[in-house]
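The values are calculated or read from the model by the stated rules, or taken from the named source; none is laboratory data. From a predicted model like this one, the values you see are computed outputs, not experimental measurements. Neighbour counts run over all protein chains shown; Cβ positions are idealised from the backbone, glycine included.
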Amino acid sequence: DTGVSQDPRHKITKRGQNVTFRCDPISEHNRLYWYRQTLGQGPEFLTYFQNEAQLEKSRLLSDRFSAERPKGSFSTLEIQRTEQGDSAMYLCASSFSTGGFETQYFGPGTRLLVL
Amino acid sequence: QQPVQSPQAVILREGEDAVINCSSSKALYSVHWYRQKHGEAPVFLMILLKGGEQKGHDKISASFNEKKQQSSLYLTASQLSYSGTYFCGTKPLGGYGGATNKLIFGTGTLLAVQP
C-alpha cells in the first residue's frame, strides 16, 4: 500500500453513461497525475495537477474527459458519454516535487469496463 | 516517443540473473523503474538522474547512460517475488534543460521466475 487510494476499484457501465473516479493522494504530496493503462501496455499520461492547478493535458484527453483537484487535495476524473474504447485501468499517482526530481507513487487503480 | 524495452519477456529459474534494457529516442533527464504484478498498481523501484549514475538496493540495480539515452535494470539471484512486468518511465529533458513532468512509460518486460 503506497498511501494513494482510488475509488471505486471496479466500474462497469453501459456505453453513453457518465462515470466519475476519485483519487486521494498521499497527504503532503503537491502533484497528482492521472494515467490510463490498457492490457499489455505501460501507463499513458492523461493529465497532472500541481496543487489545484491543472498544468498539462495529453492529447489523449478528449473533450469527454475532465479532471479536477479542488483545494489541491483529492482529485476526480470524469468521463462523459463513455465509449467501449474507454475501457481501461485508470491509475492515479502522487508525488512531492520542488523541481524536476520526484518519485511518483501509484494508487491501486480503477478498472473500467464499458459495455 | 515511447521508450523501447528489451527483451519483451524472459523466463528465469530462481537464482538466475536478468538484464532489462530501456532505450529512448529523446534526451532524458531521469529514468524511473517500476514493477507491476498482474492486476496491481506499478510499484516504484528506483530513479536514476542524468549524470550516468548507477544505483542499487538488495539484488536489484540499474544504470543510466545519458549519452546513449539508455538504462538497464539488473536483477541478480532472482527470487519468485521478482515476477511481474517491469516498466521504465522516462522524463525527457525540457527546453530549459530541466525535466518535463510526465512519465513516458516503456513497452514493458514480462519477467517470470520459476522454482
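Some notes on this structure:
- Residue match in the stretch A:18-37 (condition: of a type in the set (Gly, Ala, Ser) and within 14 Å of another protein chain (Cβ to nearest Cβ)): no
- Taking the stretch B:11-54 as the region of interest, the strands (runs of 3 or more DSSP E) fully inside it that hold 3 or more residues being touching a residue at least 24 places away in the same chain (Cβ under 8 Å) are B:18-23, B:28-36.
- Candidate set: the stretch A:43-54, residues that are in a strand (DSSP E or B) and farther than 19 Å from B:Gln2 by Cα; chosen: the one nearest to the other protein chains (Cβ to nearest Cβ): A:Gln50
- Being among the small types (Gly, Ala, Ser), within 14 Å of another protein chain (Cβ to nearest Cβ) and surrounded by 12 or more Cβ atoms within 10 Å (Cβ to Cβ) is a property that A:Gly40 lacks.
Yes or no, residue by residue, for (1) within 11 Å of chain B (Cβ to nearest Cβ); (2) under 17 Å from B:Asn101 (Cα atoms):
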| residue | (1), (2) |
| --- | --- |
| A:Glu56 | yes, yes |
| A:Pro70 | no, no |
| A:Gln84 | no, no |
| A:Met89 | yes, no |
| A:Cys92 | yes, yes |
| A:Ser95 | yes, yes |
| A:Val114 | no, no |
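- Checklist (1) buried (at least 18 other Cβ atoms within 10 Å of the Cβ); (2) modelled with pLDDT under 90; (3) within 12 Å of chain A (Cβ to nearest Cβ) applied to B:Glu66, failing item: (3)
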